[in-house]
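All remarks here apply to the structure that follows.
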Amino acid sequence: MNIEELTIKEAREIASMVNGLSGSTNQSKTFNPAIGKYCIVRCRNAGVHAGIVESMDNNILVLKDSRRMWYWKSAFTLSECATKGIESDSKIACIVDTLIIPVCDVGEVVPCSKHAEKSIQGAKEYHA
């Protein structure tokens, strides 16, 4: 195949395979494996939050049923928190219905195991 002699149809077929667009030119939605999953989100300026990733685009990440994680026990890293969960005496804040975070502030998004999700959701609400 000579790339210089591609037809428009052949170019669209290649674009479809590469971009997963099935011939469509609408690129407003991109695949994001975190959408709809309970994740821990580490932010540069806003701390650590756990919640369901509702949407994430180039500018904004939206978390539903979010809880700020101030202090966690039984895990050294956030990856370990997302895998093994946390202990009940961790310091986890109240649930916020919707949290909007600028994507430029997001350092990482780590999907949680079902066990970790239950441990974070079930943690006692910490009050100072």
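Tabulated data for the structure shown
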read-out	value
Chymotrypsin sites (Phe, Trp or Tyr not before Pro) within region 58-124: DSSP coil, no more than 14 neighbouring Cβ in 10 Å	Phe76
At most 16 other Cβ within 10 Å, DSSP loop - trypsin sites (Lys or Arg not before Pro), region 59-100	Lys73
HN-Hα J in Hz across region 76-93 - Karplus 6.51, -1.76, 1.60, θ = phi - 60°, x for Gly and Pro	8, 10, 5, 4, 5, 4, 5, 8, 9, x, 10, 8, 5, 8, 6, 9, 10, 7
For region 47-128, diffusion coefficient by Stokes-Einstein and Kirkwood Rh (Cα), 37 °C, 0.692 mPa s, µm²/s	256 µm²/s
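Read the figures in this text as sums done on the coordinates, not as results from a lab. Note that this is a predicted model, so its numbers are computed, not measured. Cβ: placed from backbone, ideal geometry, glycine included. Neighbour counts: every protein chain shown.
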